[in-house]
Amino acid sequence: MITLENITKQYIGSKDEIALNQVSARFDSGLIHGIIGISGAGKSTLIRLLNQLESYDKGNIQIFDYTDLRHLNKESTRMLRKQIGMIFQTDHLLSRKTVLDNILLPISFHRKITSEDKKFAQDLLQEVGLSEYSTRYPEQLSGGQRQRVGIARALINKPSLLLCDEPTSALDVITTGQILQLIKATAKNHSVDVIIVTHDMYVIREICDTVTVMDKGRIVEHGDLDDILFKAKHPQTQAFVKEIGLDLSSVVQQFDPKELLLLKFDESIVKDSIISEMIQTLSVTASIVYANVTPHRIGIMVIHAPKRIDEIKLFLEKHKVVVEDVI
Amino acid sequence: MLFNLEISTYLDALWETAYMTIASTLFVFAIGLGLGSLLYATDKDGLWENKTLYKILSTVTSALRSIPFLILIVLLIPFTRILIGTILGPTAALPALIIGASPFYARIVEIALHETGSDLKETGLSFGATKLQVLFRILIPESLPALVRGITVTAIAITGYTSIAGAIGAGGLGNLAYLYGYARNRILITIAATVMIAILILLIQVVGDLFVKKLSKKY
Ligand SMILES: Nc1ncnc2c1ncn2[C@@H]1O[C@H](COP(=O)(O)OP(=O)(O)OP(=O)(O)O)[C@@H](O)[C@H]1O
Ligand SMILES: [Mg+2]
């Protein structure tokens, strides 16, 4: 678990502009966390505090066993960084080293490279789908392939946390999807927590469990993916959600909220015809006013039921549908 | 005999010029790399950002570069006498050549390290590298082709300096061109010396390019 408490950060030389203003957040273990915000919101600054590539002025950060990052000595800072892998927007590979040597590089800063290390690097290469490419040089790879090498390199020191700063911003849509799935899969295989920075809601919806929305150096919304997707309160969040066609608020406004139910399906029940079954069994009227049952992880639906709404709720819950009020 | 002068005189002069160029280039490479790294490291976004130190180093570097070479030789006469024991001959030219060319190469090193960039510095640090490791294991190796290209240019500039030094007592092809050619009004000897310098410079360029090619060829 990582916690930030009232973090304030101002870059030297920037007059009134505060990069991070009283930021507090919690990132639980075992999850993929997304940070989204427009350019200059402070996203990169926030994650760069975690491995102390930047320092902060006020507040406190807890990460792993470290409680006061600001006052770590050099050696502890290096150990902290060793436990945190980092992936960048562009690959940042060394052009004069082979793919394999690039992957092994982070180890070499801490100790001599052993034959086991080489084997592990080769395994990682296989995992990212590049086992044939170990002796190539970065310039002989495509952007997507280089990003894969970057992922393997970030995992070589067996980190507990992976920081990704816009890892797919330079890639096309299809490659983006592949890289995101790869990050998700490798994070799971290696039990690594992930924090991923992006300005693209698609990235968030694709792999994130929690979302932190930033604006002008502040966190304006911070919660589970569902809540952010379907119950966004801040205009900035709503704008992001709208981008991926999940703009619920405009639909909801046309009805009395007391007559609306928000249903969430997970993959296991998406195929069942629960709604028609409900209408038949209970002989009630209910109309679907919004549905998005094909997104990647969860399907959601908003139904308008002017009568017997409690019965409907009970029925649906019995059929493993999560039912919530629309706020 | 060539233009009434022993061939061996030409060869001796060639050797002296080659010796001055090669010996001072080796020193310039080491000193320039050190100074250039320091300039890079203390500058903004460097590894050990230090405004005051950068200002001092940068001013000294620029000041040394701005002294005309002929004047530098004269200024260094007392120093050279103590260090080498004489102010005549090719070895006596080395201090001036080294001090004259090192700041030039240092700037090239500084630029090359900056170009290799803050991205790779960040990458190294983010994986727990020490700053020294970032410099020696990432930035310098990545800049190697640029550093070699830079030392080639520098060596060629040094060859030019040797002829100035030669004209005032350091020997070599410059001495030949000036003393035998110009002073005794034998233009053909001047031309012969010039052609030999040109060949030497060409040779340096070819060797430099070869190294760069070797360094860049990876597959
Ligand atoms: N090294 C720096 N020196 C001074 N100011 C900086 C520095 N880095 C960032 N800033 C400023 O801090 C603020 C936050 O920047 P940050 O890079 O964290 O934004 P971001 O959300 O990552 O933006 P982007 O999406 O463009 O990457 C911006 O106003 C930026 O100008
Ligand atoms: Mg950023």
Residue mean of other protein chain beta carbons inside 10 Å, B:104-115:
0
According to the square roots a ≥ b ≥ c of the eigenvalues of the Cα gyration tensor, what is the shape class of segment A:35-167, taking rounded for a/c under 1.5, prolate for a/b larger than b/c otherwise, and oblate for the remainder?
oblate
List the residues whose amide H sits under 5 Å from the amide H of A:Met86, counting only those 5 or more places along or on another chain, with H placed 1.01 Å from N in the peptide plane.
A:Leu163
I'd like the distance between the alpha-carbon centres of segment A:229-288 and segment B:105-182, rounded to an integer number of Å.
67 Å
For the A and B pair, go ahead and give the buried accessible area with a 1.4 Å probe, both sides summed, in Å² to 100.
2100 Å²
In a Gaussian network model over chain A where Cα atoms closer than 10 Å are linked, find which of A:Gln280, A:Gln178, A:Gln140 has the largest mean-square fluctuation.
A:Gln280
Provide the per-residue ³J(HN,Hα) series for segment A:117-134, in order, calculated from phi with Karplus coefficients 6.51, -1.76, 1.60 and θ = phi - 60°, each as a whole number of Hz, with x at glycine and proline positions.
4, 4, 5, 4, 4, 5, 4, 4, 4, 4, 4, 8, x, 10, 4, 7, 9, 4
Spatially proximal aspartates and glutamates relative to A:Lys242 (Cα-Cα < 13 Å; intrachain offsets below 8 disregarded)
A:Asp200
If you take each beta carbon of peptide A:93-99 and count the beta carbons of other chains within 10 angstrom, what is the mean?
5
Given +1 on the Cβ of Lys and Arg, -1 on the Cβ of Asp and Glu, and no further charges, what dipole in debye does segment B:7-218 carry about its Cα centre, rounded to the nearest 20?
120 debye
In nm, spacing of pseudo-spin labels at B:Val195 and A:Ser249 (7 Å Cα→C-beta vector):
8.5 nm
Apply the Karplus parameterisation 6.51 cos²θ - 1.76 cosθ + 1.60, with θ equal to phi minus 60°, to every residue of segment A:73-87 and state each ³J(HN,Hα) to the nearest whole Hz, in sequence, with x for glycine and proline.
7, 4, 5, 5, 4, 5, 5, 4, 5, 4, 7, 10, x, 9, 10
Under a crude label model (7 Å from the Cα following the beta-carbon direction), how far is A:Thr67 from B:Asn50 in nanometres?
3.5 nm
Quick calc, segment B:1-94, dipole around Cα centre from Cβ unit charges on Lys, Arg (+) and Asp, Glu (-), nearest 20 debye, gives 400 debye
Go through B:Ile201, B:Leu88, A:Ser115 and say which Cα lies farthest out towards the positive end of the charge dipole of the protein assembly as shown; charges sit on Cβ, +1 for Lys and Arg, -1 for Asp and Glu.
B:Leu88
Between B:Phe27 and A:Tyr202, what FRET efficiency follows from the Cβ-Cβ distance if R0 is 60 Å, with the result rounded to 0.05?
0.55
Could you pull out the pairs from A:Lys97/B:Lys51; A:Lys97/B:Lys214; A:Lys258/A:Lys318 whose alpha carbons sit more than 24 Å apart here?
A:Lys97/B:Lys51
Value at 222 nm in deg cm²/dmol, rounded to 500, when DSSP H runs of n ≥ 4 in the protein assembly as shown each add -39,500 (n - 2.57)
-16000 deg cm²/dmol
Got a number for carbon plus sulfur as a percent of segment B:7-218's accessible area, 1.4 Å probe?
71 percent
By what distance, in whole Å, do the Cα atoms of segment A:56-125 stretch along each of the three principal axes, largest value first?
42, 27, 19
Convert each backbone phi in segment A:234-246 into a coupling constant with the Karplus relation 6.51 cos²θ - 1.76 cosθ + 1.60 (shift: θ = phi - 60°), then list the ³J(HN,Hα) values in order as whole Hz, x for Gly and Pro.
7, x, 4, 5, 4, 5, 5, 5, 4, 4, 9, x, 10
Just to be sure I understand: with springs between alpha-carbon atoms less than 10 Å apart, which residue in A:Thr281, A:Thr98, A:Thr135 has the highest mean-square fluctuation in the Gaussian network model of chain A?
A:Thr281
Protein accessible area in segment A:61-113, 1.4 Å probe - carbon and sulfur %:
45 percent
Using the C-alpha gyration tensor of segment A:2-243, what are the square roots of 5 times its eigenvalues, in whole angstrom, with the largest one first?
30, 22, 15
If I model a spin label as a point 7 Å beyond the Cα along the Cα-Cβ vector, how far apart are those points for A:Ile288 and A:Glu139 in nm?
5.4 nm
Provide the packing ranking of A:197-207, A:31-41, B:1-11, i.e. peptides ordered by the mean count of other C-beta atoms within 10 Å per residue, highest first.
A:197-207, A:31-41, B:1-11
Can you give the average number of partner chain beta-carbon atoms within 10 Å of each beta-carbon in peptide B:127-135, as a whole number?
6
Would you mind working out the accessible area per residue for the protein assembly as shown, using a 1.4 Å probe, and quoting it in Å²?
48 Å²
Choose one of B:Gly124, B:Leu57, A:Gln236: the residue whose Cα lies farthest towards the positive end of the charge dipole of the protein assembly as shown (beta-carbon charges +1 Lys, Arg; -1 Asp, Glu; about the Cα centre).
B:Leu57
Please list, ordered by chain and number, the residues whose modelled amide H lies under 5 Å from the amide H of A:Val289; skip anything fewer than 5 residues away on the same chain.
A:Val302, A:Ile303, A:His304
Looking only at aspartates and glutamates whose Cα falls under 20 Å of A:Lys58's and that sit 8 or more positions away or on another chain, we get A:Glu5, A:Asp16, A:Glu17, A:Asp68, A:Asp215
Could you pull out every residue, at least 5 positions away or on a different chain, whose amide H is within less than 5 Å of the one on A:Met214? Hs are placed 1.01 Å off N in the peptide plane, and Pro or chain starts have none.
A:Ile36, A:Gly37, A:Val220
Taking the Cα centre of chain A as origin, sum charge times position over the Cβ atoms of Lys and Arg (+1) and Asp and Glu (-1), and report the length of that vector in debye to the nearest 20.
1000 debye
Within segment A:33-61, which residues have the backbone N less than 14 Å from the label spot 7 Å out from A:Asp209 along Cα→beta-carbon, could you tell me?
A:33-34
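The values are calculated or read from the model by the stated rules, or taken from the named source; none is laboratory data. Note that the structure is predicted; figures quoted are calculated from it, not measured. All Cβ positions, glycine included, derive from the backbone under ideal geometry; neighbour counts span all protein chains shown. To get the accessible areas, we keep the full protein, side chains included, count just its heavy atoms, and leave off ligands, DNA and RNA. Shrake-Rupley method; radii C 1.70, N 1.55, O 1.52, S 1.80 Å.
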